[in-house]
Amino acid sequence: MRILYLTQWFEPEPAFKGLAFARAMVARGHQVEVATAFPNYPSGKLYPGYRLRPYQRELMDEIVVHRLFVWPSHDRSAIGRVLNYISFWLSSLVFGLLRAGRYDVVYVYHPPITPAVAAALFGRLRRRPFVMEVQDLWPDSVASSGMVSGSGGRLIRILDALCRFAYRSAAAVIAQSEGMRKQLEERGVPAGKLERIYNWSTYEQGGDPAGGAVRADFTGKVNFVYGGNLGQAQALHTVIDAVALAARERTDLHLHLFGEGIEQDRLMAHAAEKNIESHVTFHGPVPRRTMDRVFDQADVLVLNLKDDPLYEVTIPSKTQHYLSCGKPIVAGLSGEAADILRASGAAIVAAPGDAPAMAAALVSMARAGEAERAALGRHGRAFYEAHLSFAPAIDRTLAIICRAASFQSR
């Protein structure tokens, strides 16, 4: 089967379903090509080695990757973000109109919604089915992001209409959580078109350790590590508040933040205001494999989301990733992700936005000995293997894709 994987985010960006996902489909006997944007996430700047142009073809592990034009932007500017999404929508639409006939089926990663809308349009004209994966509920997440104001209500209504158009047009819709699947059904997506497949982890064991400076930073401390986007959704100011409280009891407690994002400067200023620079280190972004080695060195991993009804049904990919690392977890979140972490036996979960409760969790993990923390980590890894691992999810995904392609060919 010839599959086009359409996604705005792909390596070398920190994309969840990136090259490993494409390789897995190829390993199961399918021909896969990727159509994606020129890499610019999360900084909004083109990655080194890339120059913005209408189109570029490259090979990654012998998989053809089509780079399509995009307006690079990922900051607080609503205009910049709109240009980013619309430019990739237009590029995807043109690419699909010209090339979709070469493929049996299109697999679309959402968010944003724009590639799915493009696939709905060129799919109708070129008679090619598409399967839509929903990682983030739109327009809900856009509304909660703070990126819309003033006439934002009109934009939300437009996005809602686009989402419903994409759902109607898709041959199948895959939701990343059971709560999300139920909400999509409530919004009119037929139950027979909906599937729920939990995300898996991209964690890789072994490989080169992290750099010497990172190892030195970890010496003689109880090290809590967060790795990922420093954005509004993560509400990491709550974690910094919790560290300020917990450090009164545990002077050896240290929070390491790896990554970048639009909240980075504010978070650094917040840590300075709390006078806890000696307990918090901002390391900046590191390559994914290096990040996994940092996770290996951590004593405890940290996860947080802001208090928002949207995140009751959203499972951040860090949930699976942290569990697969085999480390204990302190989390500030609610809903389905919180239920998974509690069931794993590896985590202490606080309510979102509750800095005192998270501080208590940090202190509890710091007081636990290495053997106790290691046991918690083993529980998490075992839970991941039993319920959230890669191979079964890939097989289910391909079964849905094949079903969509075979139905269209009848």
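When residue 113 is tested against (1) over 22 Å from residue 198 (Cα atoms); (2) of a type in the set (A, V, I, L, M, F, W, C); (3) touching a residue at least 40 places away in the same chain (Cβ under 8 Å), exactly one condition is not met: (1). In the stretch 281-316, of all residues being within 20 Å of residue 352 (Cα to Cα) and aliphatic (A, V, I, L, M), the one that is farthest from the chain's Cα centre (by Cα) corresponds to 300. Taking the condition β-branched (Val, Ile, Thr), in contact with a Gly (Cβ under 8 Å, 6 or more places away or on another chain) and more than 21 Å from residue 144 (Cβ to Cβ), does residue 70 pass? Judged against the criteria, residue 70 is not a match.
With respect to residue 61, determine if the residue is modelled with pLDDT under 95 and touching a strand residue (DSSP E or B) at 6+ places or on another chain (Cβ under 9 Å). So residue 61 fails the test. Does the stretch 379-403 hold any residues that are under 17 Å from residue 329 (Cβ atoms) and surrounded by 15 or more Cβ atoms within 10 Å (Cβ to Cβ), and which are they? The answer is 379, 380, 381, 382, 383, 384, 388. Of all residues in the stretch 135-151, those that are modelled with pLDDT under 75, hydroxyl-bearing (Ser, Thr, Tyr) and under 21 Å from residue 180 (Cβ atoms) total 2. Looking at the stretch 175-208 only, could you name the residues that are out of contact with any helix residue (DSSP H, G or I) (no Cβ under 7 Å at 6 or more places or on another chain), surrounded by fewer than 20 Cβ atoms within 10 Å (Cβ to Cβ) and part of a helix (DSSP H, G or I)? Within the stretch 175-208, 182, 183, 186, 192, 193 qualify. Considering the stretch 209-247, the residues that are of a type in the set (Val, Ile, Thr) and not in a helix (DSSP H, G or I) include one that is modelled with the lowest pLDDT, namely 219.
The rows are residues; the columns are (1) more than 30 Å from residue 389 (Cα to Cα); (2) more than 23 Å from the chain's Cα centre (by Cα).
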site	(1), (2)
7	no, no
38	no, no
47	yes, no
55	yes, yes
66	no, no
75	yes, no
86	yes, no
104	no, yes
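Somewhere in the stretch 145-157, is a residue assigned by TED's automatic domain parsing to the domain that holds residue 75 and crowded, with 21+ Cβ neighbours inside 10 Å? Scanning the stretch 145-157, I find no residue that is assigned by TED's automatic domain parsing to the domain that holds residue 75 and crowded, with 21+ Cβ neighbours inside 10 Å, so the answer is no.
For beta carbons closer than 6 Å, sequence separation of 6+ or different chains, a first residue in the stretch 226-255 that is within 11 Å of residue 353 (Cα to Cα) and a second that is part of a loop (DSSP other than H, G, I, E, B), the qualifying pairs are 235/306; 238/353.
Set side by side, the residues 85, 107 differ, and just one is at pLDDT 95 or above and in the same structural domain as residue 164 (by TED's automatic domain parsing), which is 107.
Among the residues of the stretch 21-68, which ones are touching a Ser or Thr at 6+ places or on another chain (Cβ under 6 Å) and buried (at least 19 other Cβ atoms within 10 Å of the Cβ)?
Selection gives 36, 68.
What about residue 284, is it surrounded by fewer than 24 Cβ atoms within 10 Å (Cβ to Cβ), in contact with a Gly (Cβ under 8 Å, 6 or more places away or on another chain), touching a residue at least 60 places away in the same chain (Cβ under 8 Å) and among the small types (Gly, Ala, Ser)? Judged against the criteria, residue 284 is not a match. Test residue 181 against the stated conditions and say whether it is over 24 Å from the mean Cα position of the chain (by Cα) and more than 24 Å from residue 263 (Cβ to Cβ). No: the conditions fail for residue 181.
Going through (1) crowded, with 19+ Cβ neighbours inside 10 Å; (2) assigned to a loop (DSSP other than H, G, I, E, B) one by one, residue 142 falls short only on (2).
The values are calculated or read from the model by the stated rules, or taken from the named source; none is laboratory data. Model, not experiment: these values are computed from the prediction. Glycine also receives a Cβ, built like all others from the backbone with ideal geometry; neighbour counts cover every protein chain displayed.
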